[in-house]
Amino acid sequence: MIVFEKFGQHQPLNRQAERYALEGVPIALSTMTERRGIGLRALAPILRLVEAHVLAAERLHGDDTTVARTGRG
């Protein structure tokens, strides 16, 4: 939940910590930071697969603007 809320919901860790404390579950900011790092390390292999797939394309599309890739390889 910490990683999802941080990146999926754009909730800073300090806001999450405040909310959890109000719900009766105090979690130290250092603990949340450590958990975030562990979560990101666990997801790293998936990130590498997605990155390889995206960068294998001849063109990248972002904000409805096509950009040709140069210097492939």
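The values are calculated or read from the model by the stated rules, or taken from the named source; none is laboratory data. What you are looking at is a predicted structure, and each value in this text was computed from that prediction instead of being measured. Note that we place each Cβ from the backbone using ideal geometry, even for glycine, and neighbour counts take in every protein chain shown. Heavy atoms of the whole protein, side chains included, go into the accessibility calculation; ligands, DNA and RNA do not. Shrake-Rupley method; radii C 1.70, N 1.55, O 1.52, S 1.80 Å.
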Revision key, fill the gap. So the angle from the long Cα axis of helix 13-22 to the longest Cα principal axis of the chain, reported in degrees to the nearest 10, equals 30 degrees
Study note, to complete from the structure: Listed by chain and number, the residues whose amide H is under 5 Å from that of GLN11, excluding neighbours fewer than 5 places away on the same chain and using placed H, are LYS6
Practice item. Calculate how steeply helix 29-55 sits against the longest principal axis of the alpha-carbon atoms of the chain, using the helix alpha-carbon long axis, and give the answer as 0 to 90 degrees to the nearest 10. Key: 20 degrees
Review point. Helix-derived [θ] at 222 nm for the chain: sum -39500 (n - 2.57) over DSSP H runs of at least 4, divide by residue count, nearest 500?
Key: -17000 deg cm²/dmol
Exercise for review: Quick one: dipole size for the chain, taken about the Cα centre, charges +1 on Lys/Arg Cβ and -1 on Asp/Glu Cβ, in debye to the nearest 20.
Suggested key: 240 debye
Point to revise | Surface per residue (accessible, 1.4 Å probe) for region 10-58, Å² | key: 77 Å²
Practice item. Name the residues whose placed amide hydrogens come within less than 5 Å of the amide hydrogen of ILE27, ignoring near sequence neighbours (fewer than 5 apart) on the same chain. Key: ALA21
**Study point:** Dipole axis of the chain (+1 Lys, Arg; -1 Asp, Glu on Cβ), positive-most option in GLY39, ALA17, ALA28
**Key:** GLY39
**Study point:** GluC sites (Glu not before Pro) lying in DSSP loop within region 14-45, provided at most 12 other Cβ fall within 10 Å
**Key:** GLU23
